[in-house]
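One structure is given below, encoded as C-alpha cells.
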Amino acid sequence: MNTAAVREAWHPVSYSADLGEMPRAATLLDERLVLWRDAKGVARAMRDQCVHRGTALSLGRVEGGEIVCPYHGWRFATDGRCVHIPQLEDPKRVPSKACVPAYRCEERLGLVWVALEAPRWPLPEVGEFGDPSWRVVRTGPFEWNAHASRQLENFTDFGHFAFVHEGLLGDPAKPVVAAHEVAIDGPVVSYAYGRPDQPNTEKLAVFAAAERKAEMRRTRYRIQVPFTLVEHIDWGGADGMVYVFVSQPVSASRCIGYCMVARNYNLEQDEGVMQEFERTIFGQDQRIIESQPGGPVPLDGDAELHMAFDKVALAYRRTLRENGF
C-alpha cells in the first residue's frame, strides 16, 4: 500500500477522554508521536523525539501548554519550536534548528485524529453524535496484529456472520448472503444490507426489540478510504444505532481499532453491556483476521478468489486503488 497516500489522511491516535494533563505516546505509520493538551486544552501532536538527544518527549511533562523534555528540560511550543534551553546563559537564545516536526491534530467524535501530511479529505461528520437524544458508548480500543485495511475490510464481509458470530450476528442455518447494491463516489464506498436479525441474548441485550416492525435488521454503511466507516442500523421503527469505526495504522503488521456506538434506545442501560458485546465480537474476528497473510489487503483483483457476495470488499479495494493507495 502506498504509504505516502496514507499519510495524506486523518487517522485516530487516541480516545479524547484518554488524553489528559500528561503527555501520551502513540505510533502512526511507524512514526512515534507525542500527544498532549496545550494551555487551552487543545489536543496537539508532534514527533516523539527531542531534537537534542532523541529522548521520548512523551516521558516528559506539560508546563504552560508547552512540552518539556525529561532529559535536559528543553521546552517546545505547539508548533514544534524549542523556546527554552535551561543550560544556556540566556535560555531563550535557541538555535533556529532546534525544532521538532509538529502535525495537524483535531478532535471529533470522541477521538483525537492526526494527519502526517495535508489531508485530502475532511473528517467525518455524524449528526447523531451531537444529538442529546442519542447516547454514545465508547468501546475498545481493539489492538490487532494485522494491517488496518484487513481490520476495516472485515466490515464489508457479510458471509462470515453465520460462522464467526453464531447466535450473536448470524445463524449457520441461514448462510446465504442476500443481494445488495454497492456505490462508489470518489473516496467513499456506500452499501446497504438487510438480513434476518438474531434475538438478543440475555447477557448481551444490545439491539432494539420493543419497536421492531419486522425481524429484519437494515444496515447502511459508508466507508471513507482508507480506514473509516460509519454504519447506521434500524429495524423499521424509530429505534436506531450508529457505529463509527476507524482503524489506526500503527505499522504494516499492527493496527488499533476505535469503535464508538450511539443509540436512541436503552439509554439507561449500563454501558458495560455494549462494551462486552463488542469485546466478544471483535475477539471472534481477531483470531480470524490475524490468521490471514500479513500486510495490507491485496489490491490486485486476481490475488485471491472472489465470489459475488464479495462485491463490497472488491469495491473497497478498487476505491483504494483509484485513490492512490
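The values are calculated or read from the model by the stated rules, or taken from the named source; none is laboratory data. Quick caveat, the model's predicted, so the values are computed rather than measured. When we count neighbours, we look across all protein chains shown, and the Cβ atoms used for this are built from the backbone with ideal geometry, even at glycine.
On inspection, R150 passes the criterion of being assigned by TED's automatic domain parsing to the domain that holds V176 and either among the charged types (D, E, K, R) or free of Cβ contacts under 8 Å to residues at least 40 places away in the same chain (or both).
Filtering the stretch 36-55 to residues that are crowded, with 17+ Cβ neighbours inside 10 Å and either in a loop (DSSP other than H, G, I, E, B) or touching a helix residue (DSSP H, G or I) at 6+ places or on another chain (Cβ under 6 Å) (or both) leaves D48, Q49, C50, V51, T55. Cβ-Cβ distances below 6 Å connect the following pairs, each with a first residue in the stretch 28-45 that is without any contact (Cβ under 8 Å) to a residue 60 or more places away in the chain, a second residue that is assigned to a loop (DSSP other than H, G, I, E, B) and among the polar types (S, T, N, Q), and a separation of six or more residues or different chains: D38/T78.
Residues in the stretch 136-179 that are within 14 Å of T280 (Cα to Cα) and either in a loop (DSSP other than H, G, I, E, B) or among the β-branched types (V, I, T) (or both): T139, V164, H165, G167, L168, L169. When the criteria are applied in full, D285 fails the requirement of being among the charged types (D, E, K, R) and closer than 19 Å to V126 by Cα. When residues in the stretch 9-28 are screened for being within 21 Å of P119 (Cβ to Cβ) and surrounded by 18 or more Cβ atoms within 10 Å (Cβ to Cβ), 9 of them pass. Against the conditions (1) under 24 Å from G167 (Cα atoms); (2) of a type outside the set (K, R); (3) surrounded by fewer than 21 Cβ atoms within 10 Å (Cβ to Cβ), A308 satisfies every one except (1).
Total residues in the stretch 142-163 satisfying the condition of being surrounded by fewer than 18 Cβ atoms within 10 Å (Cβ to Cβ) and not charged (D, E, K, R): the figure is 4.
Of all residues in the stretch 272-280, none are aliphatic (A, V, I, L, M) and either in contact with a helix residue (DSSP H, G or I) (Cβ under 9 Å, 6 or more places away or on another chain) or in a loop (DSSP other than H, G, I, E, B) (or both).
Considering every residue within the stretch 286-300, establish whether at least one is surrounded by 14 or more Cβ atoms within 10 Å (Cβ to Cβ), closer than 18 Å to V164 by Cβ, within 18 Å of the chain's Cα centre (by Cα) and without any contact (Cβ under 8 Å) to a residue 40 or more places away in the chain.
So far as the stretch 286-300 goes, no, none of its residues is surrounded by 14 or more Cβ atoms within 10 Å (Cβ to Cβ), closer than 18 Å to V164 by Cβ, within 18 Å of the chain's Cα centre (by Cα) and without any contact (Cβ under 8 Å) to a residue 40 or more places away in the chain.
Can you confirm whether G80 is surrounded by 17 or more Cβ atoms within 10 Å (Cβ to Cβ), within 18 Å of R53 (Cα to Cα) and in contact with a Pro (Cβ under 9 Å, 6 or more places away or on another chain)? Yes, satisfied.
Residues of the stretch 68-115 being part of a strand (DSSP E or B) and closer than 30 Å to E125 by Cβ, which ones? Scanning the stretch 68-115 gives A102, Y103, R104, C105, E106, E107, R108, L111, V112, W113, V114, A115.
Here is a yes/no grid of residues against (1) farther than 23 Å from Y15 by Cα; (2) crowded, with 16+ Cβ neighbours inside 10 Å; (3) not acidic (D, E):
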position	(1), (2), (3)
L88	yes, no, yes
C99	yes, yes, yes
E106	no, yes, no
G127	no, no, yes
